[in-house]
Every structure is written in C-alpha cells, then in structure tokens.
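The values are calculated or read from the model by the stated rules, or taken from the named source; none is laboratory data. Quantities reported herein were computed from a predicted structural model and do not represent experimental measurements. As a convention, Cβ positions derive from the backbone with ideal geometry for all residues, glycine included, and neighbour counts pool all protein chains shown. For accessibility, only protein heavy atoms count, side chains too; no ligands or nucleic acids. Shrake-Rupley method; radii C 1.70, N 1.55, O 1.52, S 1.80 Å.
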Amino acid sequence: MGAKSVIEAASKVVPSERQLKWNDLEFYAFVHFGINTFSDSEWGTGGESPELFNPQKLNALQWAKIIKAAGMKAMILTCKHHDGFCLWPSAYTEHSVKNSPWKDGGGDVVFEAAAACRKVGIKFGVYLSPWDRHDLRYGQGEPYNDYFKNQLRELLTNYGDIFCVWFDGACGEGKNGRKQEYDWEGYFSVVRELQPEAVISICGPDVRWCGNESGVCRSSEWSVVPYFYSNAELLPSDSRKDDIPPPKKINLTVPDLGSRKKIKKGYRLIWYPAEVDVSLRKGWFYHANEDFDVKPLSKLMDIYYNSVGANASMLLNLSPNKDGLIAERDMETLLAMGAQLEIDFNENLAEDSTMTCSCRLDGEHDAQNVLDGNPDTYWHSGMNPKKPWIMIDLGDDYDIDKVVLKEHIRTGQQIEKFTLYGKTGGKWKKLYKGTVIGHKRICRFDEIRVQYIKLVIEKTRCFATIEAFEAY
Ligand code: FUL
C-alpha cells in the first residue's frame, strides 16, 4: 500500500455505536472492594476465608452519590479480583459472600451497587478477573473457561444494564502450577449475546489500556491504531489472512501507537480508544496506612485535563474501607473535584457567537454548526484542504484560559496538528499548539482577553471536522 492509500484507509476508520456512547461518559469510577479490603492486601492468595468479609455499614448508595457528585458518570465494581472471592452469591462456587458473616450470608454487593447506580442515575459496569487464585478449575482449560463464562452469564443477566465489562490482563499460575488458556473469543461472545451495548475493555476489542497506571496518556493519543494492539495478549486468531504480520514485539506502552510513521507499513487499522486508569489512593484496595496517601485535588485535575482533555477517558479508582464506606478524606477530595469541574466549565463564552471558516464541504457543514450543541451537526472542511481554519467572534472582549475542541469522530479521526490563536490588542497571539483532537481536546493556556479565536489546522489526514468549540 502506498503512503497515500495508508492515510486514506486511516481516515476511514470509525467507532462503533457502543464506543461512541462510552466515549461520551469521559469520566467514571472504578471501585476496588473485596476480600483484600479485609486481609489488607492488593493481590490475595486465594486462600483467604470468606469469614473475613464483613462490611457492617456497607452503603453502596454512599459510593454512588459521591461518584456522581464528583462529576463521574458510571461505576465499575470488582465483582471478583484475582483472589477469586465473589461479591455476589454465585451458584458456581462456594467462595463468595454467601459464606461470609455479612448479612448472615444473605447479601449481594453487586446487587446493591447496581441498584445504587440506577437510583442516582449513573451507569454500572463489572470487573471480573480471569486470573483466579482460588478456584481449582483454574489451569485446567475448559472446566475453568466454563466456570468463567457461567459467572459472566450471572453478572450479565441478573443486574440490569451493564455498560462495560472490564477484563484484566493479569494471568498467573493456578494452584496446579499451570497457567489457564483463556477462551477470549468465548468470553466476548457471552458479553455480546447478553449485553450487546456493553464495551469490553482492556483485554477486549473496544477500549484500550493507555499503558500505565499513573494517570497520564500520550500527548498524541490516536484512537486509530494497528489491529494487533487489541490482541497483544489475547487473540492471535483475530489476524486475517490478508493482514501484514505484526512486529515481533508488541508493546502497548510505547509513546506512539498511531502516527503516520507507525501506520505507514499498511497494517489493518482499528478504532481502539484509550482509557486512563488510576487510583485515588496509592493502592487499588483500601489500606488504613494509606489514609494520608490520597491524591490531592490539583493532581486529580491535572490527570483529568491530561486524559479527558487529551482524547482518552479517565477511570478513577475508589477504595471503600472495611466498613464498606468511602473514607472521609477520599470523599472530601472527590466532592472538591466535582465542585472544581463545575467552576472550570461554568459558562461557555462561545455560545451565541459567530463562526467563520476558510472553506467548507457544503452549506450543510458550515462552521456555525460547531456552536449549536448538537453532536450530529459539524463543520467539514471539504477534501484535502490546505491549512483550513475556523474563527470565532465572541462579540466582545472576554478573559479566557481554556478552549474545548471536539472532532466529529463518527466520520473518523483526522486532525494531526493544529494551532490556536487569539486576537488581543489588534494582534494575533499564539495560544496553544497541539496534535490530535479526537473525541475531545481541552487546550489550556494563560488567561488572556480576546474577542477572536482562530483554529488553524496545519495537518490532517483527508479532511477536517469540528463538532464543538467552547471557550471558558
Ligand atoms: C491490575 C490488577 O492486577 C490490579 O490489582 C488492579 O485491579 C488493576 C486495575 O489492574 O492488572
């Protein structure tokens, strides 16, 4: 494939409906809670007694309310972590809440969490660890895969709508010293059958791990990447006969996954957007000695701007304590974050402004569309434009320090390089230089008084679109 056709092919890769819906959530919570909370560990051995599990004040509504107040739109619960202990009374194992003293074995944390999410109006998702350090079937092949699929069926039928199934990549040895061969294709088809709208994340085809757990993504986070990044650890059988064989080493943590240089060999490309998973505390589970190790608001806001604002989503982990509650300091920090987000995006100064452009595809794709708040209307530059621009006239001078840009990703991810200018005192001043935009780019700069802001697109794949332009 020649260079031009590679770029044309990249320009045509688009997200699925379920990926688009997931993209709009932007910021949501992980909840790590389980037997580790009581044994004070991060990775349980699988030998922990269910007797340990007794969260006497468990209140999933408290979690859900705090999550919502922090500005998050969903919760993903660790229904079973690597230790194998199940937070719901699974019919397929004795290693669960049903043999714990909590509610005399009659409780179901998954049920309570799902109900709480529904009550406050956020979405609910499940984390189910394929690696199981307790179950004797683990490492035996089919018997474990059947067990795992049965558990998935329980979680995906009994708890209402599930927006995400999060599969962890960790895969250790079982009690018999053998590693389990996961039936990924079988797991995926159970999810597609029972919850067709759910995204399958991390070890799955819909959402990609950003490559670290420290809360940063790439400055150029492409959602269009070579096919082999989705099956690095899983599905060699996903490759097709006509695929160019993947490189010997596939590494999801490298700084570039989707630039022209990276895709130039002509690999088949897929839509595979990034998620940044990071914990509010040092660890994923609650440990009393980390009560003072809660990330400060400033750090969380930086992570937000560098993930949600950089074409990724932010999955922020909360760790309820032994009582089954989110601890005071964690709660205060999360509420402060919700308040800060409200302040930062309080009033969009671009509303009711006027947009002009250097070129457009046709009258239906005028620049004014970027201000109407409608995700279905957008500005389209027309094919192969030369440095197209759009410009906003705010109508008067305003102090701004942020511009939010969104591409119309339904028609693919196109923009590779752009600069924002502001007109102040009759002179144009550079405000921000960036690479990819994708679902959302939040451009931050020192506060400046401007009436006009111009977005110049310096490099793009085959055309450029902008769906939203906001100024704060
Ligand atoms: C990792 C796990 O090993 C950690 O315990 C945690 O659940 C994190 C989100 O994923 O792979």
Open item on the list: Run the helix sum for the chain: -39,500 (n - 2.57) per DSSP H stretch of 4+ residues, divided by residue count, reported at 222 nm to the nearest 500 deg cm²/dmol.
Closed with: -6500 deg cm²/dmol
Open item on the list: Let me check against my output: what whole-number percent is the relative contact order of region 354-471, with C-alpha pairs under 8 Å and at least 6 apart?
Closed with: 36 percent
Open item on the list: Set the bar at 21 Å for Cα to Cα. Now go through Lys21/Lys459; Lys402/Lys423; Lys12/Lys264; Lys249/Lys459 and name every pair that lies beyond it.
Closed with: Lys21/Lys459; Lys249/Lys459
TODO: Ignoring everything but the protein chains, give the 1.4 Å probe accessible area of Arg444 in square angstrom, nearest 10.
DONE: 100 Å²
TODO: With a 1.4 Å probe and every protein chain left in place, work out the accessible area per residue of region 384-424 in Å², rounded to a whole number.
DONE: 38 Å²
- [ ] Report, ordered by chain and residue number, the lysines lying within cross-link reach of Lys119, taken as a straight Cα distance under 20 Å and ignoring same-chain residues fewer than 8 apart.
- [x] Lys57, Lys65, Lys68, Lys73
Open item on the list: Give me the percent relative contact order of the chain, please, defined on Cα pairs under 8 angstrom at least 6 residues apart.
Closed with: 16 percent
TODO: Would you mind putting 277-285, 221-229, 326-334, 244-252 in packing order, based on average other-beta-carbon counts within 10 Å, highest first?
DONE: 221-229, 277-285, 326-334, 244-252
- [ ] Using a cut-off of 14 Å between beta-carbons, work out the net charge of the residues near Pro273 (Lys and Arg +1, Asp and Glu -1, Pro273 not included).
- [x] 0
Task: Cα centroid separation - region 12-46 against region 130-195, whole Å - done: 16 Å
Open item on the list: With just the Cα atoms defining each centre, how far is region 70-102 from region 334-352? Give it in Å.
Closed with: 35 Å
TODO: With +1 on each Lys and Arg Cβ and -1 on each Asp and Glu Cβ, and nothing else charged, work out how big the dipole of region 153-233 is about its Cα centre, in Debye to the nearest 20.
DONE: 200 debye
TODO: Order the following by accessible area, largest value first: Glu342, Glu26. Probe radius 1.4 Å; ligands, DNA and RNA are ignored.
DONE: Glu342, Glu26
Task: Carbon and sulfur %, accessible surface of the chain computed with the full protein complex present, 1.4 Å - done: 48 percent
Task: Pairwise centroid distance, computed over Cα atoms, of region 415-472 with region 292-306, Å - done: 25 Å
Open item on the list: Quick check on region 3-344: of the DSSP beta bridges with both residues there, what percent are antiparallel, nearest 5%?
Closed with: 15 percent
Task: Solvent-accessible surface ranking, highest first, for Lys261, Lys103 at 1.4 angstrom - done: Lys261, Lys103
